[in-house]
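Report on the structure given below.
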There are 2 protein chains.
Amino acid sequence: MGKSYQVVIIGGGPAGLTAGLYSARSRCNTLLIEKGIIGGQITNAERVENYPGFPEGIQGIRLGQLIHEQATGYGLEILSAEVIGAVPSARHNLVSTGEGDFTCESIIIASGAQYRRLGVPGEDEFVGRGVSYCATCDGPLFKGKTVAIVGGGDAAVTEALYLSKFATSVKVIHRRSELRASKVVQERALAEPKIDFVWDSVVTRIEGDKAVEQLVLKSTKDDRISVLEVGGVFVAVGSEPNSAQWRGLLPLDEGGYIITNELMETSLPGIFAAGDVRHNSARQVITAAGDGATAAVSAARFLSH
Amino acid sequence: MGKSYQVVIIGGGPAGLTAGLYSARSRCNTLLIEKGIIGGQITNAERVENYPGFPEGIQGIRLGQLIHEQATGYGLEILSAEVIGAVPSARHNLVSTGEGDFTCESIIIASGAQYRRLGVPGEDEFVGRGVSYCATCDGPLFKGKTVAIVGGGDAAVTEALYLSKFATSVKVIHRRSELRASKVVQERALAEPKIDFVWDSVVTRIEGDKAVEQLVLKSTKDDRISVLEVGGVFVAVGSEPNSAQWRGLLPLDEGGYIITNELMETSLPGIFAAGDVRHNSARQVITAAGDGATAAVSAARFLSH
């Protein structure tokens, strides 16, 4: 049996780091486990404009570093390893990693989620330079431009409406000839003069020089190729939480997100979830950080009772 | 009838300001109403150590200014006025203030809460210099000191346990000869060698030079006066949310806090609550800010449906 902790945090994005900051500052013996880069998804953000306290915006990777520095300053221990399994058990939970096993009284799951990618040439290359997965985060950067949004669900159409407040023109690219979005949202989008629909089409390539300039589209009906000039493209084809190892152990929603209440409690005492991995997260840096603090306060209360 | 907004936010602390930042950045026509100082309760904090992103800590009033600057930079409108009443009505809510009436589609209530004060000489004078109302916020500042905590409920005893991790000695001052705290918390506190109880006593005066040095106590049994030397005093005699005008309109918990789900939705469509005024808030700057962002995202979704 490996080392024992009061709290083990899985994930080193804003939710996990803030949980770690709070837990370590409360003098709970805490280990944070992160398999990749500390900071999580925000390390991809060229500039985070909506994290309160930074009116000029801040580079995502820098914000991650600052929170990391603050948390380790209070004694947070960090392990670079992948979590390969967990066995919940009242106050003696087991967390297995590639670097050994750990027992703990409480677990905070802050393993995040990934936006589904299109998987086309140019997509990875232009992330942060015209390719975005979050309209709330990046919409205002596209003021006065033509933008495309790829997808046909509620999220895609709601984001199209949102983007129409900034962009001069919004092109919704959908592989089918009708939307999956709910009726009322559809009607609003169809009535919005700035929004056009490009039906029966998929993006096969994202092109540009320094930033996105055009999309290569292919018809899903007759394979015809066309080109659409845009200043940016929002990909809204869904997302996947990093929650596979909790299936069967904790209640998940239909998308695989972990269900919590507003105290970040899951259905198992001592097991909490925070940030993008949980159901109904607003998926913003500030909400993830808030979740992390709430989860740590809840965990500390659990430990003292 | 006065001016009309899409969103009216009541309260200009971290929850309200962050809601305003998000709502204005989403180009929702938004008014924030604050009766006192912008920044709310944090303006009293000499240094906020646990707001993620500021490893060196930041003065509370400065953090408030930064978020204020960021929110108004996105076009948030702010009115200095007291809200005197509200009449919810589907998408036509009325908010009355000393400076006129406003209608709005959505309301975000972020009016905060107040810690109950002892109301003794020296208390106001030494806030931030030895007098504190929040162990989670300020506990680590009292490392190696003797501190007192005033109160006998669950919060007081839980905070005493928390403070025992930092302080060399914790004196719990209670006006009765037994605690109201739950059994299990009591037992842990009674078993903690660093914690002593001062029964049947009330604080009548807080004294010191530059910071708190001693408390004057009076026995509730025989009025005898005694002096207790301490490096700080935590007041844990309860708190009161600023929610009076919502009584009868929204479900409140027994303490008067507004009940929400994890989307910050109250029971009325279009009415949201965020930060310290809501039930089960962790009452931290970061959790209030996270709540505010979530409420604004929820309000924007409400407006688009």
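The values are calculated or read from the model by the stated rules, or taken from the named source; none is laboratory data. Being a predicted model, the structure only gives us computed values, none of them experimental. Note that each Cβ is placed from the backbone with ideal geometry, even for glycine, and that neighbours are counted across all protein chains shown. Just the protein is used for accessible areas: all its heavy atoms, side chains included, with ligands, DNA and RNA removed. Shrake-Rupley method; radii C 1.70, N 1.55, O 1.52, S 1.80 Å.
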*Write down the accessible area per residue of the stretch A:1-73 in Å², having rolled a 1.4 Å probe over the full set of protein chains.*
35 Å²
_Out of the GluC sites (Glu not before Pro) in the stretch B:161-217, which ones are loop residues according to DSSP with at most 13 other C-beta atoms within 10 Å?_
B:GLU178
*For A:ASP101 and A:GLU254, what is the calculated FRET efficiency with R₀ set at 30 Å and r taken between the beta-carbons, to the nearest 0.05?*
0.40
*Rounded to a whole number, what % of the accessible area of the stretch A:117-235 do carbon and sulfur atoms account for, probe 1.4 Å?*
46 percent
*Rounded to 5, percent antiparallel among DSSP beta bridges of chain B*: 45 percent
*Please state the relative contact order of the stretch A:14-63 as a whole percent: Cα pairs under 8 Å, 6+ residues apart?*
28 percent
*Quick one: order B:ASP154, A:ASP222 from most to least accessible surface, probe 1.4 Å.*
A:ASP222, B:ASP154
_Assume the label is 7 Å from Cα along Cα to beta carbon: what separations in nm does B:ASP124 have to the matching positions in the other copies?_
6.3
*How much accessible area is lost when chains B and A come together, counting both sides, with a 1.4 Å probe, in Å² rounded to the nearest 100?*
4500 Å²
*Hey, which residue of B has the C-beta nearest the axis mapping B onto A, and what's the distance in Å?*
B:GLY290, 1
*Taking only protein heavy atoms and a 1.4 Å probe, what accessible area per residue, in Å², does the stretch A:201-305 have with all protein chains in place?*
41 Å²
*Place a +1 charge on the Cβ of each Lys and Arg in chain A and a -1 charge on the Cβ of each Asp and Glu, then give the dipole magnitude about the Cα centre in debye, rounded to the nearest 20.*
280 debye
*If you add up the charges near A:GLN284, with Lys and Arg at +1 and Asp and Glu at -1, over every other residue whose beta carbon is less than 15 angstrom from its beta carbon, what do you get?*
-2
*Give the percent of DSSP beta bridges with both residues in the stretch A:117-235 that are antiparallel, rounded to the nearest 5.*
45 percent
*asked:* Counting only helical runs of four or more DSSP H residues, what would the 222 nm mean residue ellipticity of the protein assembly as shown come to if each run contributes -39,500 (n - 2.57) and the total is spread over all its residues?
replied: -7000 deg cm²/dmol
*Roughly how big is the protein assembly as shown's charge dipole about its Cα centre, with Cβ charges of +1 (Lys, Arg) and -1 (Asp, Glu), in debye to the nearest 20?*
260 debye
*Using Cα pairs closer than 8 Å and at least 6 residues apart in sequence, work out the relative contact order for chain B, in percent.*
21 percent
*Does any residue of the stretch B:1-49 lose at least 40 Å² of accessible area with all protein chains in place compared with its chain alone, and if so which ones (probe 1.4 Å)?*
B:TYR22, B:ARG25, B:SER26, B:ARG27, B:GLU49
*Two-site FRET efficiency, B:SER80 against B:ARG175, from Cβ-Cβ distance with R₀ of 41 Å, rounded to 0.05*: 0.55
*Within the protein assembly as shown, which cysteines find no other Cys whose Cβ is under 4.7 angstrom from their own?*
A:CYS28, A:CYS104, B:CYS28, B:CYS104
*Do any of A:LYS143/A:LYS221; A:LYS143/A:LYS210; A:LYS143/B:LYS3; A:LYS183/A:LYS221; A:LYS183/A:LYS218; A:LYS143/A:LYS194 go past 23 Å between their Cα atoms, and which?*
A:LYS143/A:LYS221; A:LYS143/B:LYS3; A:LYS183/A:LYS221; A:LYS183/A:LYS218
*Kindly tabulate the residues in the stretch B:235-266 with an accessible-area decrease of at least 20 Å² between the chain alone and the assembly of all protein chains, using a probe of 1.4 Å.*
B:GLU262, B:LEU263
*Evaluate 2.2 N^0.38 Å with N set to the residue count of the protein assembly as shown, then give the Cα radius of gyration divided by it.*
1.01
*Cα-based reach from B:LYS171 at 18 Å (exclusive), listing aspartates and glutamates while leaving out same-chain residues under 8 positions away*: B:GLU123, B:ASP138, B:ASP154, B:GLU159, B:GLU187, B:GLU192, B:ASP196, B:ASP200, B:GLU207, B:GLU213, B:GLU229
*Please find, in a Gaussian network model of chain B (springs between Cα atoms separated by less than 10 Å), the residue of B:VAL127, B:VAL184, B:VAL172 whose mean-square fluctuation is greatest.*
B:VAL184
*List the relative contact order of the stretch B:117-235 as a percent without decimals, with contacts defined as Cα pairs under 8 Å and 6+ residues apart.*
32 percent
_Only Cα pairs within less than 10 Å get springs; with that Gaussian network setup on chain B, which residue of B:ALA160, B:ALA189, B:ALA288 has the largest fluctuation?_
B:ALA189
